[in-house]
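Reading through the structure tokens given below for one structure.
Any read-out appearing in this document is the output of simple, stated calculations on the displayed coordinates, not a laboratory observation. Keep in mind the model is a prediction, meaning the values are calculated, not measured. A quick note on method: Cβ atoms are made from the backbone with ideal geometry, for glycine too, and the neighbour counts reach across all protein chains shown.
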Amino acid sequence: MTDCLHVIVTAGPTREHIDPVRYLSNESSGAMGFAIARALLAAGHRVTLIAGPVSQETPEGAARIDVISALDMLAALEDHFSEADAIFMAAAVGDFRPATRLEGKWKKEEGGAAAVLELVENPDLLATIARDKGPRKVIAFALETSDGEARAGAKLVRKNADYIVLNDASALNAARSSVTVLNADGVVWRLEDVSKDETAARLVELVGR
């Protein structure tokens, strides 16, 4: 039996606000991250769950930290990763944010002029925290629509992860998914069309490998 570990799980989307009522986000429901948190707790591990804006119920026993933006999530990771043994980076973090957040509601221009929104890159959360991970295990996630295994494998190496879980777009807001887990040597295992709870139970085994 694996010893009790402290594992961080990130889950859900981020929101990057344009103004007080509008934001950029994505379709992530947080279901996979929350399933992983439940499976970790069932296996006897201690869980810190860093969640973007989702309606998922907090798993009993998890320490939940709610965040909104990518910068919020990075701050939470920097506060807690040093205390952890492993991390599942399951959140769908926005790549970009508006260069300026407007204080008031963005008004439509008269005359039908095209609107222009200037964006800047968010920090790469995975690369930032994995850069100095030491013995801590980092399990990354990738959602790809083409050349998935090659792109996921390159991402794993580039960002210093131990494993990467490859999904396609069908996993978003879905109860079931197909995943491929890779490490630096290639494919470790695959699961086809299974529930996210089943996938989570298999993924939890990675922290003890």
Given (i) 17.9, 52; (ii) 17.7, 68; (iii) 17.2, 58 as candidate values of Rg and Dmax of the Cα atoms in Å, which corresponds to the one derived from the coordinates?
(ii)
What per residue convex hull volume, in Å³, do the alpha-carbon atoms of the range 37-93 yield?
80 Å³
The chain, helix-only ellipticity at 222 nm - DSSP H runs n ≥ 4, -39,500 (n - 2.57), divided by all residues, nearest 500
-7000 deg cm²/dmol
I'd like the FRET efficiency for residue 85 and residue 176, computed as 1/(1 + (r/R0)^6) with the beta carbon distance as r and R0 of 30 Å, rounded to 0.05.
0.55
For the pair residue 198/residue 149, report the inter-label distance in nm, with labels modelled 7 Å from Cα in the Cβ direction.
2.1 nm
Whichever lysines have a C-alpha closer than 30 Å to that of residue 108, once near sequence neighbours (fewer than 8 apart) are set aside
none
Fewest to most neighbouring Cβ within 10 Å: what's the order for 7, 54, 47?
54, 47, 7
Taking +1 at the Cβ of each Lys and Arg and -1 at the Cβ of each Asp and Glu, which of 141, 73, 119 sits farthest along the dipole of the range 64-141 towards its positive end, judged by Cα position relative to the Cα centre?
141
Bin all alpha-carbon pair distances of the range 1-89 at 5 Å intervals from 0 and give each bin's fraction as a whole percent.
3, 15, 26, 23, 17, 9, 5, 2, 1, 0
For helix 70-80, report the angle its Cα long axis makes with the longest principal axis of the Cα atoms of the chain; keep it between 0 and 90° and round to the nearest 10°.
40 degrees
Cα-centre dipole for the chain with unit charges at Cβ (Lys and Arg positive, Asp and Glu negative), debye to 20:
100 debye
Taking the Cα-to-Cβ direction at residue 109 and at residue 26 and moving 7 Å from each Cα, how far apart do the two end points lie in nm?
3.0 nm
Listed with the fewest Cβ neighbours within 10 Å leading, 157, 116, 165, 93 appear as 116, 157, 93, 165
Among all the aspartates and glutamates, which ones have a C-alpha under 16 Å from residue 133's C-alpha, if same-chain residues fewer than 8 places away are not counted?
78, 79, 83, 85, 124, 162
Exposure-ranked with fewest Cβ neighbours within 10 Å first, 10, 58 stand as 58, 10
